[in-house]
Amino acid sequence: MANTWWELQILCEPALEDSVSWRLEDFGCRGTASESKGESCLVKGYLPVFQAQLLDLAALGLWLQQDALCIGLSAPSLTWQLIDEEDWASSWKQYWHPQEIGDRFLINPAWLPLPENSDRLVIRLDPGVAFGTGNHATTQLCLESLEMRLSEVPKSFLSQGGKQESVVIADIGCGSGILSVGAVLLGAEKVYAVDTDPLAVQSTFSNRALNDVSPERLVPAEGSVDILKKLIERPVDGIVCNILADVIIQLLPEISEICKPSTWAIFSGILVEQSTSVAEALAKNGWVVATMWKRKEWCCLNVRRS
């Protein structure tokens, strides 16, 4: 039973795809996939059977209907079934293909051959049941923001005392480790990657090996900012945090404790309608929003210390 999963299938209007995916992730799904079905969209989500009972699934159906009605679209239909873990692994991989993100990245599924002629930074990825395939708008926004940040900062720099130091980054809520690997490929000397989900940490370890990243440069660990405080040797130079807005707001006081005056951060997993409340919380904790990038109904805040 431990290896049995709920497969949730939601048939909806294409305009609802992102909100349905967000709702599934908020519900606790460890992975989502979508495909076109005629003029409709079929979104699938997966979560361990012990995390939800039938009443929970019925409640999810009501939330999905309310989300649609609030924006004047027809209610989606929700169905579910139990599947084995090995069936889950194969049920969505057929829909995932190599994808270019930003100016420099190419996300390549681990089970497909590497491209022969590409000048992009290739991230080989097998997310398992962790969030972060590169398909979601928030992941794309974070990778593009990392491109911008790490093109501005050299791989090493001089501290105030004239000592050469390397760029160290914290990835909070690392999921599959896609952002951590991307940061290393862009030149970050070291990335600490934490997630409260042990399956996500396991996935990050696997993807570190897939991309031949040394253990010294990418350090995954189970936990949150409290674990980072024990792992880091000095305040970090950059932070990337792609989790839900409410969790970001909750963690901001602790996040500020691992920073220095020059630290920058990338926050995503934020619906556009939530951006004001996140920005207000950032200001209260000594941060200034430099830019806000939007994609569909999601946004990414690039911030710096005030």
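Structural remarks
- If R0 is taken as 25 Å, the Cβ-Cβ distance between E254 and F50 corresponds to a FRET efficiency of 0.25.
- Accessible area expressed per residue, segment 1-88, with surrounding protein chains retained (probe 1.4 Å, Å²): 52
- F205-Q99 FRET efficiency (beta carbon distance; Förster radius 35 Å; 0.05 resolution): 0.95
- V272 paired with R305, simple spin-label distance in nm, labels 7 Å along Cα-to-beta-carbon: 3.3
- Extension gain, Q9 back to D226 (0.36 nm per residue minus Cα-Cα distance, nm): 74.5 nm
- For segment 50-82, applying the loop criterion from DSSP together with a ceiling of 10 other beta carbons within 10 Å to the chymotrypsin sites (Phe, Trp or Tyr not before Pro) yields no site.
- Segment L112-T291, extension gain: residue separation times 0.36 nm, minus the distance between their alpha carbons: 60.9 nm
- 3J(HN,Hα) from dihedral phi, segment 65-75, Karplus parametrisation 6.51/-1.76/1.60, rounded to Hz, x for glycine, proline: 5, 5, 4, 5, 5, 5, 10, x, 10, 5, 5
- GNM result for the chain, Cα springs below 10 Å: residue of L150, L62, L141 fluctuating most strongly: L62
- Violating pairs (Cα-Cα greater than 26 angstrom) within the set K44/K229; K190/K230; K190/K296; K230/K296; K260/K284: K44/K229; K190/K296; K230/K296
- Two-site FRET efficiency, L82 against S40, from Cβ-Cβ distance with R₀ of 30 Å, rounded to 0.05: 0.80
- Looking at the chain, the DSSP beta bridges with both ends there are about 65 percent antiparallel.
- Simple spin-label estimate for S151 and K284 in nanometres, 7 Å along Cα-Cβ: 3.6
- Working note: Cα gyration tensor of the chain, eigenvalues times five, square-rooted, sorted largest first, giving semi-axes of 32, 22, 18 Å.
- DSSP bridge pairs, segment 238-306: antiparallel proportion in percent, nearest 5: 75
- Amide H contacts under 5 Å for A170: Y192, G238, I239, V240, restricted to partners 5 or more places along the chain or on a different chain, H placed in the peptide plane at 1.01 Å from N.
- If the chain linking V247 and Q66 were pulled fully straight, counting 0.36 nm for each residue of separation and taking away their Cα-Cα distance, it would gain 62.8 nm.
- Computed packing ranks the peptides 32-41, 261-270, 277-286 as 261-270, 277-286, 32-41, most packed first, by mean other Cβ atoms within 10 Å.
The values are calculated or read from the model by the stated rules, or taken from the named source; none is laboratory data. Because the structure is predicted, anything quoted here is derived from the model rather than measured. Neighbour counts run over all protein chains shown; Cβ positions are idealised from the backbone, glycine included. Each accessible area value is taken on the protein alone, full model and side chains, heavy atoms only, with ligands, DNA and RNA left out. Shrake-Rupley method; radii C 1.70, N 1.55, O 1.52, S 1.80 Å.
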